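Throughout, read-outs are computed from the coordinates displayed, never taken from laboratory work. Because the structure is a prediction, the values reported are computed rather than measured. Positions of Cβ are generated from backbone atoms using ideal geometry, with glycine treated the same way; all protein chains shown enter the neighbour counts.
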Amino acid sequence: MTLDLLLVGYGNVAKRFESLLEERRAELARRHGMRARVIGIATRRGGCRYVASGFSRTSASSPPDGHVPAVDFIADACARDRDAASEGRLVVVETTTLDVERGEPAVSHVRTALAGGAHVITTNKGPVAFAYRGLMQAAERAGRRFLFEGAVMDGVPIFNLARDTLPAVTIVGFRGVVNSTTNYILTAMEQEQPFAEALAEMQAMGIAEGDPSLDVEGWDAAAKVAALANVLMDAAITPRQVERQGISPDTGRLARAALASGRRLKLVARAGREGNRISARVAPESLAADDLLAGVEGRQNALILHTDLLEEIAIVQRSGGLTQTAYALVSDLVAIARDVTGACATPQSRRSARPGRTL
């Protein structure tokens, strides 16, 4: 079975995802019966283009290539690749950057793809943080999957864990260190490394957001809190409703003071129920040395789930980066492939794909 992929956003994560599919091509085919090809790419700066044969740029139905809205390109791709869409083999891979105002245009990208019969996988926190309920309802109506495992802790299966392995368990709250860039900076500043130098290192590694203010001002963590609360706790909040305090060069003095007193300063993201409402917060906290979150170093992340039956469950990510985030997309893609394979009644219902970029 061949899945057709439309890449919306083609930055570091999307490129690593593409190369990871190539590296694991034989294994994916052998273990999951899955192949994938990229049929088109949409970027903000580079425009939109088809890269697979059979998608003529000159046909009457073709949108003008280049700088057209990605939503139009997605809709056109769903119409052109209608066979793959109807068979559940068309997947939109959304990796655009976070918009902390409304989650756009990512929310519209997801909605348009689902309406056109495509599954969606994304590393963008915006759709889950701003429009989770509506998009899940749209996915259910379309009979398609909307998956986002890479939106919070790279490739660590947080959402899969709750969805697939915790039946009859209620998550009543959580707290964690969920932003690698700020945790790296705080760890570096404890050792007298300047704020700007540590941030530059994270940018050079491609881990910091394209706009680093999203990291250091706490917006990335706030979006993750909203996403986690919406999915795990059935909340309906946005990043704007998360109390937020980031870090700055001045925070280094607080981090060193905490370390000198046997404690650690961490940017902690948390949410919990207060009656009928969800309280959510991101802010630096001075933690006792024996707190699990206090031991999270550098680029490491950790999340502690508070549950009714299992009490606390902790998930620690010892390393994070492009490969881990790209892997989350691969994991989501395999989940879709399993669904499609299980839904196919006979081999005859699987049509051979046209030649394209096979991964």
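Observations on the structure shown:
- Mean shadow area of the range 33-163 over all directions, Cα convex hull, nm²: 8.7 nm²
- Helical content alone sets the calculated 222 nm signal of the chain at -12000 deg cm²/dmol, taking -39,500 (n - 2.57) per DSSP H segment of four or more residues and averaging over every residue.
- Angle between the chain longest axis and helix 219-232 axis [Cα atoms, degrees, rounded to 10]: 70 degrees
- Antiparallel content of DSSP bridges confined to the chain, in %, to 5: 65 percent
- Between the Cα long axis of helix 106-115 and the first principal axis of the chain there is an angle of about 30°, rounded to the nearest 10.
- When only the Cβ of Lys, Arg, Asp and Glu is charged (+1, +1, -1, -1), the dipole of the chain relative to its Cα centre reaches about 1120 debye.
- Highest-first arrangement of 324-333, 28-37, where packing means the average Cβ count within 10 Å: 324-333, 28-37
- Modelled this way, with points 7 Å down the Cα-to-C-beta line, the labels at ARG30 and SER53 are 2.9 nm from one another.
- Loop GluC sites (Glu not before Pro), the range 176-224, which have at most 15 other Cβ atoms in a 10 Å radius of their Cβ (DSSP): GLU192
- Spacing of the modelled spin labels on LEU292 and SER319, each 7 Å from Cα toward Cβ, amounts to 2.2 nm.
- Placing a pseudo-label 7 Å from each Cα along the Cα-to-Cβ vector at GLU243 and SER19 gives an inter-label distance of 4.3 nm.
- Value in Å of the Kirkwood radius, where the chain supplies the Cα pairs that are averaged: 21.1 Å
- Sequence ranges 81-90, 174-183, ranked by mean other-Cβ count within 10 angstrom, highest first: 174-183, 81-90
- Using alpha-carbon coordinates, inclination of helix 70-80 to the longest axis of the chain, degrees: 40 degrees
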